[in-house]
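Notes for the one structure printed next.
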Amino acid sequence: MMEVREEIDIQRRPSAGAMLQLIRHGHATTRADLAEQTGFGRSTVAQHVTALLAHKLLVEDAGPSSGGRPVTLLTFNTSAGVALAADLGATHSRVAVSDLAGSVLAETTADLEITLGPDEVLEWVNDRFEELLARAGRRPDEVRGIGIGVPGPIDFAAGCAVVPPIMPGWDGVPLPAYFADRYDAPVLVDNDVNIMALGEYFTNWRDRTEHLLFVKVGTGIGCGIVAGGRIYRGADGAAGDVGHIRVASDREVVCSCGNVNCLEAIAGGQAMARQLAEAGHHAEVSRDVVQLVRQGNVQAVQVVRQAGRVLGEVLASLVNFFNPAAIIIGGDVADADEQLLAGVREVIYSRSLPLATRHLRIARSALEDRAGVTGAAVLAIESALAPAVIDRAIADQAASA
Ligand SMILES: [Zn+2]
């Protein structure tokens with residue numbers, strides 16, 4: 001349950017920022033906990049806690065007395081600033097202001113075509129940020145971080161999309177630059193599936209595991225990988241691109257990438273819509289598939305269940321390779337009902353090795369369409385409150401005092 005990596009980091013460098021992280025992540029609630037977990041003396045711990053209290057990052061409350069002296073509980077002050085979060089989809093976007101725990105204070109959604117290009121879309125995002133800050137009663141100078149998810153491959157360090165297939169005009173445009181003179185806060189950009197994985201992990205799974213896969217089944221299929229408690233991006237940021245793994249099929253289907261029988265060409269939302277249209281139903285996009293399933297259309301239920309089995313074939317291999325503790329299935333088709341998940345479960349448990357599935361949990365996304373915006377907020381918060389950032393802020397103020 002304890003995050004071992006965090007423990008090791010903190011033993012190497014027991015700073016105020018590291019102690020704040022132990023409290024924020026629920027590993028410590030008292031000065032005694034901090035002393036125990038860092039191995040440092042009470043006076044060193046007290047000195048760092050005093051600095052965090054002075055910076056209003058912690059608050060202290062008298063806890064329940066345990067027989068002898070009353071215990072003072074240390075809690076993270078989640079209102080010591082806000083995060084701005086945007087989950088930009090191909091045709092639909094959600095924007096929010098959250099507190100520093102990632103809880104949404106104000107949010108809005110809109111149908112917005114990502115193909116309008118960065119100037120128009122980012123101006124829209126910025127207008128919404130300003131409106132939502134006002135609605136939440138917070139000021140721009142309280143913004144500590146900005147997180148943005150986009151539906152395409154991302155150069156994470158540069159904060160820009162890289163040859164994104166469905167985002168004409170966005171290639172190489174650095175998104176942080178757009179917000180740099182508006183907010184004195186870091187701007188983090190990642191792809192839509194990674195932020196969903198992060199949102200689900202931080203909200204529902206962090207206490208249980210450090211290793212999970214989040215699979216989004218929408219128009220296409222993508223996967224976010226949480227390894228060792230962090231998003232794993234790979235050498236070039238392309239990790240998790242499972243949609244173009246080749247699957248077995250009794251017919252040849254050409255994928256948007258030009259290859260044949262890719263997972264998403266057989267089992268993605270668009271592919272399901274096409275199969276249902278061929279059978280005479282009104283279905284153009286994945287939302288139509290969802291609609292038909294909700295109406296109890298037998299053929300639609302069968303198509304979704306079969307897509308789940310095909311997805312399960314690929315995931316069974318990934319389970320053997322990666323040994324995740326959980327696989328979370330999200331995206332509009334998964335959010336709609338249990339059929340997709342049932343197909344996935346059926347295949348994974350029969351194909352994967354027993355050792356890899358002994359503790360494996362397979363679940364639908366509990367955050368549903370809020371997974372992305374929650375993850376974007378978490379991405380911003382974890383960057384803005386990283387131990388090194390907090391230590392620098394405390395040192396800077398001490399130097400100027
Ligand atoms: Zn493909």
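The values are calculated or read from the model by the stated rules, or taken from the named source; none is laboratory data. Bear in mind that the values here come from a model prediction, so they are computed numbers and not experimental data. Here the Cβ positions follow ideal geometry from the backbone for every residue, glycine too, while neighbour counts run over all protein chains shown.
Taken over region 153-167, the criterion of being part of a loop (DSSP other than H, G, I, E, B) and touching a residue at least 40 places away in the same chain (Cβ under 8 Å) is satisfied by PRO153, PHE156, VAL162, PRO165, ILE166, MET167.
Residues of region 74-92 that are at pLDDT 95 or above, of a type in the set (Gly, Ala, Ser) and within 20 Å of ASN194 (Cα to Cα): ALA83, ALA85, ALA86. Cβ-Cβ distances below 6 Å connect the following pairs, each with a first residue in region 337-348 that is within 20 Å of ASP369 (Cβ to Cβ), a second residue that is β-branched (Val, Ile, Thr) and in a helix (DSSP H, G or I), and a separation of six or more residues or different chains: ASP337/VAL293; GLN339/VAL301; GLN339/VAL304; LEU340/VAL304; LEU340/VAL333.
The residue that is farthest from VAL344 (Cα to Cα), counting only those in region 292-302 that are surrounded by fewer than 18 Cβ atoms within 10 Å (Cβ to Cβ) and within 29 Å of the chain's Cα centre (by Cα), is ARG294. Would you mind stating whether LEU198 is at pLDDT 95 or above, touching a Pro at 6+ places or on another chain (Cβ under 9 Å) and surrounded by 22 or more Cβ atoms within 10 Å (Cβ to Cβ)? The answer is no for LEU198. Here ARG305 passes the criteria (1) in contact with a strand residue (DSSP E or B) (Cβ under 8 Å, 6 or more places away or on another chain); (2) surrounded by 16 or more Cβ atoms within 10 Å (Cβ to Cβ); (3) farther than 21 Å from ASN204 by Cβ; (4) of a type outside the set (Ser, Thr, Tyr) except the one numbered (1). Close contacts from region 108-125, counting a first residue that is more than 11 Å from ARG94 (Cα to Cα) and a second that is assigned to a helix (DSSP H, G or I) and among the aromatic types (Phe, Trp, Tyr), with Cβ to Cβ under 6 Å and a gap of 6+ residues or different chains, come to LEU122/TYR178. From the list ILE329, ILE394, the lone residue that is of a type outside the set (D, E, K, R) and under 27 Å from ASP99 (Cβ atoms) is ILE394.
Candidates are the residues of region 255-268 that are assigned to a loop (DSSP other than H, G, I, E, B) and either polar (S, T, N, Q) or more than 10 Å from the ligand (Cβ to nearest atom) (or both); the one that is surrounded by the fewest Cβ atoms within 10 Å (Cβ to Cβ) is ASN259. The listed residues are ALA106, ALA101, ALA80, and the only one of them that is of a type in the set (Gly, Ala, Ser) and out of contact with any Leu (no Cβ under 7 Å at 6 or more places or on another chain) turns out to be ALA101. Only one of the listed residues (ARG287, ARG274, ARG233) is among the basic types (Lys, Arg) and in contact with a Phe, Trp or Tyr (Cβ under 8 Å, 6 or more places away or on another chain). That residue is ARG233. The set of residues in region 241-254 that are within 13 Å of the ligand (Cβ to nearest atom) and more than 29 Å from GLU200 (Cα to Cα) comprises SER249, GLU252, VAL253, VAL254.
Screening VAL314, VAL333 for residues that are more than 16 Å from the ligand (Cβ to nearest atom), part of a helix (DSSP H, G or I) and closer than 28 Å to THR209 by Cα leaves exactly one candidate, VAL333. Residues of region 202-213 that are in contact with a helix residue (DSSP H, G or I) (Cβ under 8 Å, 6 or more places away or on another chain) and either hydroxyl-bearing (Ser, Thr, Tyr) or farther than 21 Å from LEU341 by Cα (or both): PHE202, THR203, GLU210.
Of all residues in region 224-232, one or more are away from the ligand (no atom under 16 Å from the Cβ), under 16 Å from the mean Cα position of the chain (by Cα) and charged (D, E, K, R).
From the list ALA307, ALA271, pick out the single residue that is under 15 Å from ASP335 (Cβ atoms), among the aliphatic types (A, V, I, L, M), within 16 Å of the ligand (Cβ to nearest atom) and assigned to a helix (DSSP H, G or I).
ALA307
Every condition in (1) farther than 23 Å from VAL304 by Cα; (2) modelled with pLDDT under 95; (3) more than 16 Å from the ligand (Cβ to nearest atom) is met by ALA238 except one, and the failing one is (3). Scanning region 28-56 for residues that are surrounded by 15 or more Cβ atoms within 10 Å (Cβ to Cβ), under 23 Å from SER79 (Cα atoms) and hydroxyl-bearing (Ser, Thr, Tyr) gives THR29, THR30. Taken together, the residues in region 336-362 that are under 20 Å from ASP241 (Cα atoms) and either touching a His at 6+ places or on another chain (Cβ under 7 Å) or part of a helix (DSSP H, G or I) (or both) amount to 4. Output yes when any residue across region 276-291 is crowded, with 22+ Cβ neighbours inside 10 Å, hydroxyl-bearing (Ser, Thr, Tyr) and more than 16 Å from the ligand (Cβ to nearest atom), and no when none is. The answer is yes; a qualifying residue exists. Whenever a residue of region 246-273 is closer than 12 Å to ILE221 by Cβ, its partners that are assigned to a strand (DSSP E or B), lying with C-beta atoms within less than 6 angstrom and at least six residues away or across chains, give the pairs CYS255/CYS262; LEU263/ILE221; GLU264/ILE221; GLY268/ILE221.
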